[in-house]
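A short reminder: the numbers here are calculations on the coordinates, not readings from a lab. As the structure is a prediction and not an experimental result, all values here were calculated from the model. Cβ coordinates were reconstructed from backbone atoms using ideal geometry, including for glycine residues, and neighbour counts include every protein chain displayed.
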Amino acid sequence: MKSAWTWFLLAPPLALALAFFVVPVAYLFWVSLHAASPSELYGASLTLRHYTDVLGDPFYLAIVRRTVGIAAVILGLCLAIGYPVAYFVALLPVRRRMLAMLLLLFPLMVSNVVRAYGWVALLERRGVVNTALRDLRLTDAPLELLYTPSAVVVALMTILLPYMAISIANTLAALDRRYEEAAQALGASPARTFLHVTLPLSTPGIASGTLLVFLLTLSAYVTITLLGGPRSKLLVSLVYDNVTAFQWPRAAALAFVLLALALAFTALILALLRPGRVQGAGR
Amino acid sequence: MTGAPTAGSMLRGVATIVAFALIVVPILIVVVAAFSPNDYFQFPPPGLSMRWFVEFFRLDNMRSAFALSVELALASATIATILGTLAALALARRGGAAGGLLQSLFLAPLVFPTIILGVALLLLYKTIGMPVFAGLLLAHCVVGMPYGFRTVLASAQALDPALEEAGQSLGAGPLRTLVLVTLPLIWPGVLSGWLFAFIVSFGELNTALFLTGPGVTTLPIEIFSYLQFQGSQLVIAAASSVQIALIVILVAVIERIVGIARITRAR
Amino acid sequence: MKEEVDDVRLVNAVKRFGTVVAVNDVSIDIARGSIFSLLGPSGCGKTTTLRLIAGFEQPDAGDVFIRGARVTSMPPYRRDFSMVFQSYALFPHLTVAENVAFGLRMRRVARGDRARRVDEALDLVKLRTLADRYPRQLSGGQQQRVALARAIVVKPAVLLLDEPLGALDKMLREEMQVELRGLQQRLGITAVFVTHDQEEALTLSDRVAVMHNGVIEQIGAPREIYDRPRNAFVASFLGASNFVEGDVVAADASLIVVDTPAGRVSVHGERPIGERARIAVRPERLRMQRGGAQGLPARVRDIVYRGPVTHFYMDSAAGPLLAYRQDARAGEWAIGDEVRCTWDADSAVVLDEGGE
């Protein structure tokens, strides 16, 4: 009786999730195991070639290394800047905190292409930075700021920073103030209180922020393309290129290598930070 | 906070200022550029002009991309929120392994790399022959459903379970309990879920990248194409500003209705 | 003898949650127009039993009958009952009047009738003036009355109440107890309520079922289960009790003599000679005498003054003894005094085994 009603409610969303999420991804994996074909979407024979190619070819490995490297740098910067910001926001009185959260949330609602365009406008040859430098007589020729890995890092870092800040701020704001007070009553200085009490208790926020930033970095095709140009391609760019070249099995394999990176990183973070052990530390 | 500012709090304040500058400046640049009277960006701007907005609405492809984005967002947000609400109501009181698994499934699109979803759906659509708009709509429903699911789940779980039982004890069957007791109490969660699904769809890139086609493009993809093939043009700044403006209006309206707390808590 | 119709019947009901048996072969008959309470410590299964009657839980075995109809597989919204919940569960988005009218709407009562009956119900709980307020604007006691009005306005076959007075403070609770009983008697509704407060159960009910670990230890009228508890659990749960034990040395028609370590006592009951018997005596029935040959010798260990009653804690060879004296004067007894404890043979009770 109650179960029937539950299944009735569950059927439409479950159908959507299965038919247009689970099934396509599984199908993609299935295709990645096939040989390429010039005329069809994919060939008839099964092969692991696409995967072994990626893992064996120095070209692909270099791309993977560059992808992970850039993601790591972005992650580090987001953490380094995001944590203090989150701390600041978490300490604000309720009303102002809500406003700050909304201000952090708002940029995330603006499409990434718009935000990337802002950085293009800043960094391009006749962009804001170069024009300002020239007007201030600091340079003669425009600097090549765009189409470099650094441009990708800077742009993506600012685009993804709010995710990190909001994640950590939510966790910090929910922390019972009394934990810190107890530590200070036991003789811990503010620095040690932070290190031994606040920081560990904020690991759930750090974990979710880190995962979000890393995963979004892997997927950020538009930003990477606009700011990195043809010479700073990352793994996701290869996926796109292969799709437009109708190399479906290869594109699929590369997509799953991307997914594997994401999963590996998730497992790493969960094992390192073990956010589960601090659940329930809130008020 | 009492007492003199400590080294820690100064550091935090500086970091916050730097962060906000880095985050907001690029967006501000785009908006200011949109009002430039010239062909290029200048700071400070010599004057304000609406010419690029006029140009934006004059260009057929821009106009239709904007219209499509709005239609797509309205439709997908509505469907996604309805489905997300159904799922949340079904799972609100259901614990255990099955319930946990289903919850993870419905929340998965939030963390799953949408670029892979885009590729996978394009492959599927090519295999079965799916029309472009329908395919795009379904993709955005998948991407938007977790938002409604999450907010309604939170609202439903916060309800006293006795309320639904009280409805039943007074003779209301499951459907009437849903309509007369549950829905009136969770509608803010439904509304804020809809808002997020709309905003996400309106700015979505990764699935639209693969699933749009000739004549059927969304505004973000149109902007991206312009940037890739025609370089930086100020009409793009106008297009971007229109996108931003729509979002600001929507958030302001919903905030009036459900309050800031609901919107920020939803994240 | 007037034939009483049972409004509610549970027949051999069993309910398991995983490996825990919350309700273990429970059978109950509740006469029309009576107040029945399910009493016991938390976790004893009383709330689950109530929910079986309501239909919010389905029994794994056994049946539920309401007014003679077998409702075991019927969902709650089709059963003829209404319920007052522990948290009141007033619909926050409806006014007091709309809350009370809800059940009538479900039963498709015409609008004019509906308004009239809502007014009547609110008059009964004396809340007519608050009809247009919202639940969050009311105090706990007022919310409780609205919950009550909402439940009785539909004239159910049985009214279920889940710890209805639990959230109220002591004075309000006692006031509501009296009002509740008055209301029930006036309307003649069959009521079943769940409580862990033995005083409340004894005050309000026509019959009480004492539950423990999913089993009914004893059912009876309040006086019966208080004066004649069947086992040690019931005896202790309903109030303080003295326990003495010994071998049965003599037995006749209705009396047995038990040889305790402190001496011989007589008690009404039946037990074969040579068997072990356990006796319970309420502290207020214990008499304290100086000297004499009757009763059990004991020594006063502690005296606690409690206003209308003074507690005397004593030690005897048969174990600790407790007496309540209502008119003890200061200085009448002192710690260390030798005392003889006696009681009337029919003030004590022989306990069954089990129920620990």
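Data for the structure
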quantity	calculated
For C:PHE312, net neighbour charge (Lys/Arg +1, Asp/Glu -1) across residues whose Cβ lies under 14 Å away	+3
Translational D in µm²/s for chain B (Stokes-Einstein at 37 °C, 0.692 mPa s, Kirkwood Rh from C-alpha pairs)	155
Length-normalised contact order of the stretch C:113-222 in % [C-alpha pairs under 8 Å, at least 6 apart]	19
Peptide-level mean, for B:82-93, of C-beta atoms on other protein chains within 10 Å	4
Kirkwood Rh, angstrom, the protein assembly as shown [1 / mean 1/r, Cα pairs]	33.4
Within 10 Å of each Cβ in B:107-114, the average number of Cβ atoms from other chains	5
Shape category assigned to the stretch C:175-273 from the gyration tensor of Cα positions, a/c cut at 1.5	prolate
Assigned charges on the beta-carbon of Lys, Arg, Asp, Glu; the protein assembly as shown dipole about Cα centre (debye)	2040
Anisotropy class of the stretch B:189-235 from Cα gyration tensor, a/c 1.5 cut	prolate
Mean Cα-pair separation over length for chain A, i.e. relative contact order, pairs under 8 Å, 6 or more apart, %	26
Extension gain from C:ASN12 to C:ASP259, taking 0.36 nm per residue of separation minus the Cα-Cα distance	85.0 nm
Enclosed volume per residue, in Å³, of the convex hull spanned by Cα atoms of chain A	214
Percentage relative contact order, the stretch C:266-347, counting C-alpha pairs under 8 Å, at least six apart	40
Farthest positive-ward along the stretch A:29-173 dipole, Cα basis, beta-carbon charges - from A:LEU46, A:ILE81, A:LEU172	A:LEU172
Aspartates and glutamates with Cα under 14 Å of C:LYS170, excluding same-chain neighbours fewer than 8 positions away	C:ASP197, C:GLU199, C:GLU200
Helix-derived mean residue ellipticity, 222 nm - over chain C, DSSP H n ≥ 4, -39500 (n - 2.57), to 500	-7000 deg cm²/dmol
Span-rule helices in chain A, defined as complete DSSP H runs reaching 18 Å or more along the axis (Cα) with Kyte mean at least 0.0	A:2-17, A:58-91, A:94-109, A:149-174, A:203-219, A:248-273
Sum of side-chain charges, C:LEU39 neighbourhood, beta-carbon under 9 Å (Lys, Arg +1; Asp, Glu -1)	-1
Debye-sum result for chain C in log10 I(q)/I(0), which assumes one identical scatterer on each alpha carbon, at q = 0.06, 0.10, 0.16 Å⁻¹	-0.30, -0.73, -1.29
The stretch A:135-160 and the stretch C:97-122: distance between their alpha carbon centers, rounded to Å	71
Where trypsin sites (Lys or Arg not before Pro) fall in DSSP loop in the stretch A:111-153, at most 14 other Cβ within 10 Å	A:ARG125, A:ARG126, A:ARG137
Overall Cα dimensions of the stretch C:72-139 - principal axes, largest extent first, Å	40, 30, 22
Orientation-averaged projected area, Cα convex hull of the stretch A:73-233 (nm²)	11.4
Ellipsoid semi-axes in whole angstrom, largest first, where each is sqrt(5λ) of the Cα gyration tensor of the stretch A:99-152	28, 13, 8
Volume in Å³ per residue [convex hull over Cα atoms, computed for the stretch B:153-215]	118
Selected from A:PRO200, B:ALA172, A:LEU136, residue furthest toward positive end of dipole (the protein assembly as shown; charges at beta carbon)	A:LEU136
Shielding by partners - mean other protein chain Cβ count within 10 Å, residues of C:73-79	5
Kirkwood hydrodynamic radius of the stretch B:121-267, Cα pairs, Å	18.0
Positive minus negative residues near A:LEU216 (Lys, Arg vs Asp, Glu; Cβ under 14 Å)	0
Cα-derived Rg over Rh, computed across the stretch A:149-283 with Rh taken as Kirkwood radius	1.13
Listed residues C:GLY239, C:ALA345, C:LEU321: farthest to the positive end of the dipole of the protein assembly as shown (Cβ charges)	C:GLY239
Separation of the C:ARG290 and B:LEU101 label points, Cα + 7 Å toward Cβ, nm	8.0
Nearest-0.05 FRET efficiency for B:ALA67 and A:ALA62, computed from C-beta distance (R0 45 Å)	0.55
Theoretical ellipticity at 222 nm over chain B - DSSP helices of four or more residues, -39500 (n - 2.57) apiece, nearest 500	-26000 deg cm²/dmol
Whole-Å semi-axes of the ellipsoid equivalent to the stretch A:1-77 (Cα gyration tensor, √5λ, descending)	37, 24, 9
Sites matching GluC sites (Glu not before Pro) across the stretch C:242-330 that sit in DSSP coil, with at most 15 neighbouring C-beta atoms within 10 Å	C:GLU270, C:GLU275
Only Lys, Arg (+1) and Asp, Glu (-1) charged, at Cβ; chain A dipole about Cα centre in debye	660
Loop sites in the stretch C:94-180: trypsin sites (Lys or Arg not before Pro), DSSP, at most 15 other Cβ within 10 Å	C:ARG107, C:ARG108, C:LYS126, C:ARG133
Shape category assigned to the stretch B:31-169 from the gyration tensor of Cα positions, a/c cut at 1.5	prolate
